[in-house]
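Comments concern the structure below.
The values are calculated or read from the model by the stated rules, or taken from the named source; none is laboratory data. Note that this is a predicted model, so its numbers are computed, not measured. Cβ placement follows ideal geometry from the backbone for every residue including glycine, while neighbour counts extend to all protein chains displayed. The accessibility values were calculated without ligands, DNA or RNA, using every heavy atom of the protein model including side chains. Shrake-Rupley method; radii C 1.70, N 1.55, O 1.52, S 1.80 Å.
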Amino acid sequence: MPTMAVVSAMGGMTDLLIKVVDAALDDFDLAATYLDDAVERQLATLQELAPPDVVAPIAARIRDDAADVLSVVRSLRMIKTVPAVTMEVVTGFGEIWSAQTLLAYLRTTGVACDWVDARQVLVVKSESEGLGEKGSAATGGVRPLWEETTRRMSGWWDAASERNGFGEIDYAASSPILVVTGFVAVTEQGAPTTLKRSGSDFSATIFAKLMAASRVTMWKNTDGVYTADPRRVPEAFPIASLKYDEAMELAYFGAQVLHPSAMLPCIDASIPVYVRNIFN
């Protein structure tokens with residue numbers, strides 16, 4: 001069984017890509033400047049993590065993606081509106097670039113690894129358009145189409161195993177790491193879409209169910225789910241363990257550490273969810 005690392009965009013990247021789309025309505029040059037900022041920030045991080053021979057092909061793909069983004073947003077000033085699919089296509093590149101950046105680092109460690117572009121695997125049906133509200137505790141009525149997604153994941157794994165020699169690994173001693181793009185998916189018609197803001201947690205639990213994972217660990221900047229907001233209640237403390245329904249109830253009442261919709265795949269498959277502090 002591989003280890004899967006489901007990644008979000010770099011901090012602030014999604015907001016910056018939203019600015020690219022919004023600016024393109026009135027000022028294409030400003031939109032291009034925002035996009036250059038996003039690309040250069042991603043490339044600077046990439047270059048810190050891996051040597052030039054690993055960086056070069058990934059950097060070329062990121063620059064190609066940026067050219068595609070400019071092509072997509074160029075027409076917005078003419079139509080004077082932002083179609084929902086445009087916003088979802090453009091903002092999804094934050095996760096696409098983040099996954100390849102982590103892959104570059106992993107390749108310097110010698111571990112067997114690859115990355116999964118969820119736009120090639122995860123097929124969903126959505127009841128709403130757009131990104132949803134930042135910090136929302138819901139995923140906008142997005143529903144994975146399990147049968148088709150499972151078929152695509154199986155095909156991806158067969159091809160990756162042949163490409164990377166995953167079948168020759170002694171899984172009792174080690175396992176490959178698959179870096180997966182959170183947030184992004186495709187519709188039944190093949191159009192790029194997203195799992196809405198805060199959707200990477202949902203991506204993690206969807207892929208956990210697909211791969212029959214033994215656990216899901218959500219890496220946060222907090223020591224778990226607290227009894228209250230520690231910024232408002234100094235004596236609040238992390239709760240050692242919760243049932244799924246208790247965690248969902250807390251989420252509905254404003255505890256944003258775990259998102260109710262995101263937990264559903266793990267509830268269905270009885271997969272435990274852990275919350276860990278990446279700084280602790």
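How high is the relative contact order of the stretch 8-62? Use alpha-carbon pairs under 8 Å, at least six apart in sequence, and give a whole percent.
On the way: 26 pairs, mean separation 14.5, N = 55.
Normalised by residue count, the contact order of the stretch 8-62 is 26 percent.
Between Glu249 and Glu48, what is 0.36 nm times their sequence separation minus the Cα-Cα distance? Round to one decimal in nm.
On the way: separation 201, 0.36 × 201 = 72.36 nm, distance 4.16 nm.
So the chain would gain 68.2 nm between Glu249 and Glu48.
Roll a 1.4 angstrom probe over the protein heavy atoms and tell me the percent of accessible area of the chain that is carbon or sulfur.
Details: 7300 of 14170 Å².
Looking at the chain in its full context, I get 52 percent from C and S.
Return P(r) of the chain (all Cα-Cα pairs; 5 Å bins starting at 0; whole %; ordered from short to long distances).
It works out to 1, 5, 11, 15, 17, 17, 14, 10, 6, 2, 0, 0, in whole percents.
Alpha carbons only, please: Rg and Dmax for the stretch 18-115, in angstrom.
Using the Cα atoms of the stretch 18-115, the pair Rg, Dmax is 15.0, 49 Å.
Calculate the dipole size of the chain relative to its Cα centre from +1 charges on Lys and Arg beta carbons and -1 charges on Asp and Glu beta carbons; express the result in debye to the nearest 20.
Values: 24 positive and 35 negative charges, 53 e Å.
Result for the chain is approximately 260 debye, rounded to the nearest 20.
For the chain, what proportion of DSSP beta bridges, expressed in % and rounded to the nearest 5, is antiparallel? Don't skip to the end; give the middle numbers.
Values: 7 of 22 bridges.
Roughly 30 percent of the DSSP beta bridges within the chain come out antiparallel.
Note the full-extension length gain between Ser175 and Glu40 as 0.36 nm times their separation in residues minus their Cα-Cα distance, in nm to one decimal. If you can, show how the numbers build up before the last one.
Details: separation 135, 0.36 × 135 = 48.60 nm, distance 3.29 nm.
The span from Ser175 to Glu40 would gain 45.3 nm if fully extended.
Before anything else, pin down the relative contact order of the chain: Cα pairs under 8 Å, at least 6 apart, normalised by residue count, whole percent.
Working: 454 pairs, mean separation 58.0, N = 280.
In percent, rounded to a whole number, it is 21.
Work out the FRET efficiency for Ala236 and Arg215 from their Cβ-Cβ distance, taking R0 = 22 Å, and round it to the nearest 0.05.
Numbers: r = 25 Å, r/R0 = 1.16.
Calculated value: 0.30.
Which whole-Hz couplings ³J(HN,Hα) result when phi for each residue of the stretch 92-102 is put into the Karplus expression 6.51 cos²θ - 1.76 cosθ + 1.60, θ = phi - 60°, listed in order with x for Gly and Pro?
Result, ordered by residue: x, 5, x, 6, 4, 6, 4, 4, 6, 5, 5 Hz.
Just to confirm, what accessible area per residue do you get for the chain at 1.4 Å probe, in whole Å²? Show your work: numbers first, answer last.
Working: 14170 Å² over 280 residues.
For the chain, the solvent-accessible area averages 51 Å² per residue.
Taking only the alpha carbons of the stretch 157-222, what extent do you get along each of the three principal axes, in Å, biggest first?
The principal-axis extents, from largest down, are 38, 37, 18 Å.
List every residue whose amide H lies under 5 Å from the amide H of Met218, counting only residues 5 or more places away in sequence or on a different chain, with H placed 1.01 Å from N in the peptide plane.
Residues meeting the amide H criterion: Tyr274, Val275, Arg276.
With a cut-off of 8 Å between alpha carbons and a minimum separation of six or more residues, what is the relative contact order of the stretch 1-127 in percent? Mind dumping the intermediate values first?
Numbers: 107 pairs, mean separation 45.1, N = 127.
Normalised by residue count, the contact order of the stretch 1-127 is 36 percent.
Taking R0 as 30 Å, what FRET efficiency do you get between Asn164 and Glu188 from their Cβ-Cβ distance, rounded to the nearest 0.05? Mind dumping the intermediate values first?
Details: r = 29 Å, r/R0 = 0.98.
That pair, Asn164 with Glu188, gives E of 0.55.
Can you run phi through the Karplus equation (6.51, -1.76, 1.60; θ = phi - 60°) for the stretch 19-30 and list ³J(HN,Hα) in whole Hz, with x for Gly and Pro?
Working through the residues one at a time gives 5, 4, 5, 4, 5, 5, 4, 10, 9, 5, 5, 5 Hz.
Using label points projected 7 Å from each Cα along Cα→Cβ, tell me how many nm separate Asp223 and Ser154, to one decimal.
Here the modelled spin labels are 4.5 nm apart.
Using the Karplus curve 6.51 cos²θ - 1.76 cosθ + 1.60 with θ = phi - 60°, what ³J(HN,Hα) values do you get for each residue of the stretch 223-230, in whole Hz, with x for Gly and Pro?
Result, rounded to whole Hz: 7, x, 8, 8, 5, 7, 5, x.
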